[in-house]
Amino acid sequence: MKHNLTRRGGRRTAAAALTAVSLIALSACGGDGGNGGDGNGGAQAVEELGENEGQVSILAWPGYVEDGSNDPAVDWVSSFEEETGCEVTSKVYGTSDEALNLAKTGEYDVIAASGDLSLRLIASGDAAPVNTDLVENYEGIFDFLKDTEWNTVDGVNYGIPHGYGANLLMYNADEVDEPTSWGAVFEESEMQKYQGKVTAYDSPIYIADAALYLMKTQPDLGIENPYALDQEQLDAAVDLLKTQRQYVGEYWSDYLKEIQAFQTGDSVIGTTWQVIVNAIDKPSIKAVLPEEGATAWNDTWMLSSQSENVNCAYAWMNHIVSPEANAQATEYFGEAPNSEAACEETENPDHCETFHAGDEEYSEQLWYWRTPVKECLDGRDAECTDYSQWTQAWTEIKG
Amino acid sequence: MSLDTARAAVSPPRETAARRVSARLSRTPRLRLGLLISAPLAWLVLVYVVALAALLITALWTVDSFTGDLDRSAWTLDNLRLVLTEQLYRTVTLRTLSIAATVTVIDVLVALPIAFYMAKVASPRVQRILVIAVLTPLWASYLVKAYAWRSTLSDGGLVEWLGAPLGVQSPGYGLPAVVITQAYIWLPYVILPIFAGLERVPNSLLDASSDLGAGTWRTVRSVIMPLLFPAIIAGAIFSFSLTLGDYITVNIVGGANQMLGNLVYTNAGAANNLPLAAALALIPITIMIVFLAAVRRTGALDNL
């Protein structure tokens, strides 16, 4: 009898616990209302560091946090764990939107954010100010990467620059003649050659790729910046992408899916990252930077405002921007490192030349991902379309 | 009273709190029952009622497109209006509905002869083997099966290799691939209820029908089908509802197409627009409610 009673009690506790957990889950699903849209202007960066907490959790693009499990030769996490005693757990994401959602859970201490994410994290109060004095390796970083509009707001630094690179055009040389222009994936006459085998990046930010092409080929539209589109310009880009849609076999945001599609031959041309090209061991798969230039990313290591492992987070930021780790990580991902010292550490001595690291002029040709907002980013006096309109347009394009 | 004395003669139980509770419970069966079912009931209420209500309420919120924060202060019907009026959502709803309907029809057509053979023709030994054969695919992960179809249908995949001598080409990734994959994945869920339904059709009725001079088709039409109809509907509910909510298969083999599930997924997972995702999620729920209300009248729900 007593036994039974205890058991029942246990079950009730379990039910109560389940109830509580579900309630928490439900309220978590409802989003975090604690930090409304006003940012955390009052928050202060830490003044000094303490003991390492023993663990750090990192949210990053694929290829940024490699511990040798994908390729034993590619590992810059183990040395960090040994040196600092901070055990690393990491999660990769496919699009900045996905990362925003994940970052809001507060489960990640450090976030590698592109320019279309960093400002959103700052505005929503999910990113904490970073005291760059506490990051030893910050000093060596190229000056033109510091205090930029995507990592600094009102003179407050919110992150450490990691590296930058362009969205390239990948193609299968067995089926496609080497393209020189993005027209290969935007002009019907070109796409007809590989109907159903074109691929594109599955995110609203890809609209900027179309806008960049229009900027170069249709000057009448008056596009000055592919992230500052008024309604008419957005419509033109959407039309271009709707045409492209008829030739697209599949869109990708999971980079493994694109790797597989190019390996089997289901996709033969489309936008890509260098890291994907590297991952495909088929010599016929190549990538080029087309003549129109390209959209690009410029990534920042940010600190979550909900981080409980601040010391390990700082330790990681210092480690990943150190010349050795930065050289490894940026070379593996296929992007320009963040410092002269890192350029000397790369395995391929021409790496920095290939990616024009430190070349400010070249950097200006690239259109780094930004979040489109109502107030036009190019400073003109007009109303631009914001990211929610882009999102809406993107679902429409896919139809 | 006499019971108490009898107990006292053995050894008087200590009057602990646990024992008091236990005594009280044994005196009040209603309380006992209430406590017993409160956990599952709470679970049901939480999972179904509260979740549905939360969904409905979430659909009334808006989201700040820049910071991604939910605005819960002002309730608006904008999301629902958008879902109802926007051409895109109508197209996707119709596409999803037709995929679900096609999958269901294919599954029922494939399942009927198999189930009939299993229930009425096969020897008990063969029948057992067939039941196991039908159940086996359920042991493999859904993802494994979907990815298997991805490589089967891919460029230079199995279908193309087998079909080459016959001039058959792989449909490639797209809606036909989605229909094929979904029909394959949900087939066991359709075969089993139909098989169970056929087992319940007495053989004597079939004999009587043929004794009275009815041909095969006549027997099927006038005897088997009316008896089997609820079982078919039961199977159809599985394949229809499971296809209606799916977004993984279409991601893997669907090419650039999207179904309702994808719209929900991208809005919740990528676009960070939870309210719109909630509004969209109400579409399949509404469809299923209508569908279930319609089949309730056939008595098929008793066969689930």
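Observations on the model:
- Inter-chain Cβ neighbour average for residues A:387-395, partner chain, 10 Å: 5
- Centroid-to-centroid separation of region A:104-138 and region A:344-358 [C-alpha atoms, Å]: 27
- Contour minus Cα-Cα distance for A:D154 and A:E87 (0.36 nm per residue): 20.7 nm
- Cross-link partners of A:K398 among aspartates and glutamates (Cα-Cα below 13 Å; sequence separation of 8 or more within a chain): A:D202, A:D239, A:E250
- Along region B:193-200 the Karplus relation, 6.51 cos²θ - 1.76 cosθ + 1.60 evaluated at θ = phi - 60°, assigns HN-Hα couplings of x, 5, 4, 4, x, 5, 4, 7 Hz to successive residues, with x for each Gly and Pro.
- Here the label points at B:T136 and B:V121, each 7 Å from Cα along the C-beta direction, are separated by 2.0 nm in the simple model.
- Taking a straight Cα-Cα cut-off under 21 Å and skipping sequence neighbours fewer than 8 places away in the same chain, the lysines within cross-link reach of A:K282 are A:K197, A:K257.
- Highest-first packing order for the peptide set B:143-152, B:233-242, A:47-56 is B:233-242, B:143-152, A:47-56, based on the mean count of other beta carbon atoms within 10 Å.
- In a simple Cβ point-charge model (Lys, Arg +1; Asp, Glu -1; nothing else charged), region B:85-303 has a dipole of about 280 debye relative to its Cα centre.
- Our note on the geometry: Cα centres of region A:290-317 and region A:58-92, 15 Å apart.
- Highest to lowest packing among B:127-139, A:280-292, scored as the average C-beta count within 10 Å: A:280-292, B:127-139
- Taking B:L227, B:L263, B:L175 as the candidate residues, the one with maximal mean-square fluctuation in a Gaussian network model of chain B, Cα springs under 10 Å, is B:L227.
- Residue-level accessible surface for A:Y368, protein heavy atoms, 1.4 Å, Å²: 20
- FRET efficiency, A:R245 to B:V168 (Cβ-Cβ, R0 41 Å, nearest 0.05): 0.90
- Alpha-carbon centroid distance for the pair region B:204-255 / region A:151-189, whole angstrom: 52
- Within 10 Å of the Cβ of each residue in A:201-209, the mean number of Cβ atoms contributed by other protein chains is 1.
- Think of chain A as having a plus end and a minus end, set by charges on the Cβ of Lys, Arg, Asp and Glu; of A:A342, A:V288, A:G115, A:G115 sits farthest toward the positive end of this dipole.
- Only alpha carbons enter this Debye calculation for region A:235-305, each as an equal point scatterer, and the log10 of I(q)/I(0) it gives at q = 0.22 Å⁻¹ is -1.12.
- Peptides A:342-348, B:202-208, B:274-280 ranked from most to least packed give B:274-280, A:342-348, B:202-208, packing being the mean of other C-beta atoms within 10 angstrom over each peptide's residues.
- Within 10 Å of the Cβ of each residue in B:18-27, the mean number of Cβ atoms contributed by other protein chains is 2.
- Residue among A:L102, A:T264, B:V47 farthest towards the positive dipole end of the protein assembly as shown, charges placed on Cβ: B:V47
- Under a model in which nothing but the beta-carbon of Lys, Arg (+1) and Asp, Glu (-1) is charged, chain A shows a dipole of about 2700 debye around its Cα centre.
The values are calculated or read from the model by the stated rules, or taken from the named source; none is laboratory data. This is a predicted model, so every value here is computed, not measured. Note that we place each Cβ from the backbone using ideal geometry, even for glycine, and neighbour counts take in every protein chain shown. Protein only, heavy atoms only, side chains kept; ligands, DNA and RNA dropped before computing areas. Shrake-Rupley method; radii C 1.70, N 1.55, O 1.52, S 1.80 Å.
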